[in-house]
Amino acid sequence: MKNLEELSALCKTAYTVIPIALFLIVFQVFVFKKSIGETKSFILGIVLTVFGLHFFLKGISLSLLPLGENVGKSLVLMEHKWLIMAFAFILGYFGTLVEPALRILALEAEEVSVGALPPKILIHAVAIGFGFGMALGVFKILKGIPLAKILLPFLVLVFILVFFVPEQYVAIAMDSASATTGPVNIPLNLAIALGLAKIVEHADPLFSGFGLIGLTSFGAMLSVLVLGILTKI
C-alpha cells in the first residue's frame, strides 16, 4: 500500500514536469525547426528532474516542515523578543544564501553588467534584506500588528527609492524579491511563522502566520535598491 502511494506521488511529480518539457519540445522542433540536442542526455535530464523534485518535496515534508513548525512553537520560550527577532534574521539570512534561484540570478546579473555587480555582493545584500523582512514579520506576529501597517510603509519607501536608483537596479531588485521565494525559504520560514502564530496568545494563524514571505520579499527588494544607491554614490 505504501509503495503504491509513493508511486502515485512520483507520477504526480512527473505530470507537472513532463508537460512543460513537451511544450518546449513542440516549439523547438515544430515551430523553430531546431534540434533539442543530444536525445539521451535530454531524456536523462528529465528523469533526474522528476526524481530529484519528488525526493526533494518528500524530504521537505519529512524534515524541514515539521522541524520549522516545532521551532516556531518553541520560540516563545525565549525571554527576550529581540532574541527571537535575531534568530529570525539569522535564519532568513542563511536560508537565502543557499537559494539556487538567487545564485542563478546573481550570475546572470554579473554577466550582463560585465562584472560590475559581483554575485557575492548581490547575494549577501539580498540575504540581509530577506533576514530583515523575516525579523520584521516575526515582530508583527509577536506584537499582533496588522500586516497593512507594516506593508504600506514598505511600499512607500520602495516607491521613493525607485526614483533615486539606477534603472538596472530597479529591475534586479524586482527579480531578487521573487528569487528568494524558493524551495528552501518558503517551507522553512512559513512553517516557523505558522508555528509561532499557533502559540502566541493573541495571534490567529490564518491572519498572522501568512504574509511573512511577502515582507521578506519586500526586504530583499529594499536592500537591492539601497545597494544601487550606494554604488551610485
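The values are calculated or read from the model by the stated rules, or taken from the named source; none is laboratory data. Remember, it's a predicted structure, so these values are computed and weren't measured experimentally. Note: ideal-geometry Cβ built from the backbone for every residue, glycine included; neighbour counts use all protein chains shown.
Take the residues in the stretch 131-190 that are part of a loop (DSSP other than H, G, I, E, B) and small (Gly, Ala, Ser); name whichever of them is surrounded by the fewest Cβ atoms within 10 Å (Cβ to Cβ).
Checked the stretch 131-190; the qualifying residue surrounded by the fewest Cβ atoms within 10 Å (Cβ to Cβ) is 144.
When you scan the stretch 57-68, how many residues do you find that are small (Gly, Ala, Ser) and surrounded by 14 or more Cβ atoms within 10 Å (Cβ to Cβ)? Don't jump to the end; show me each part of the working.
If we filter the stretch 57-68 for residues that are small (Gly, Ala, Ser), which is where we start, we get 59, 61, 63, 68.
Pick out the ones that are also surrounded by 14 or more Cβ atoms within 10 Å (Cβ to Cβ) and you get 68.
Summing the residues that are small (Gly, Ala, Ser) and surrounded by 14 or more Cβ atoms within 10 Å (Cβ to Cβ) in the stretch 57-68 gives 1.
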Given the residues 204, 175, which is the only one that is in the same structural domain as residue 93 (by TED's automatic domain parsing) and under 30 Å from residue 117 (Cβ atoms)?
175
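To keep it simple, each residue is scored yes or no on (1) exposed (fewer than 15 other Cβ atoms within 10 Å of the Cβ); (2) in the same structural domain as residue 185 (by TED's automatic domain parsing); (3) in contact with a Gly (Cβ under 8 Å, 6 or more places away or on another chain).
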{"residue": "37", "(1), (2), (3)": "yes, no, no"}
{"residue": "45", "(1), (2), (3)": "yes, no, no"}
{"residue": "50", "(1), (2), (3)": "no, no, no"}
{"residue": "55", "(1), (2), (3)": "yes, no, no"}
{"residue": "70", "(1), (2), (3)": "yes, no, yes"}
{"residue": "73", "(1), (2), (3)": "no, no, yes"}
{"residue": "83", "(1), (2), (3)": "yes, yes, no"}
{"residue": "86", "(1), (2), (3)": "no, yes, no"}
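Suppose we filter 86, 109 for residues that are of a type outside the set (Asp, Glu) and within 25 Å of residue 192 (Cβ to Cβ); which single one remains?
Working: 109 fails: within 25 Å of residue 192 (Cβ to Cβ).
Criteria check complete, one pass: 86.
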Do any residues in the stretch 64-93 that are in a helix (DSSP H, G or I) have Cβ atoms under 8 Å from those of residues that are of a type in the set (Phe, Trp, Tyr) and modelled with pLDDT of 80 or more, where the two are at least six apart or on different chains, and which pairs are they?
75/87; 81/139; 85/139; 89/132; 92/130; 92/132; 93/130
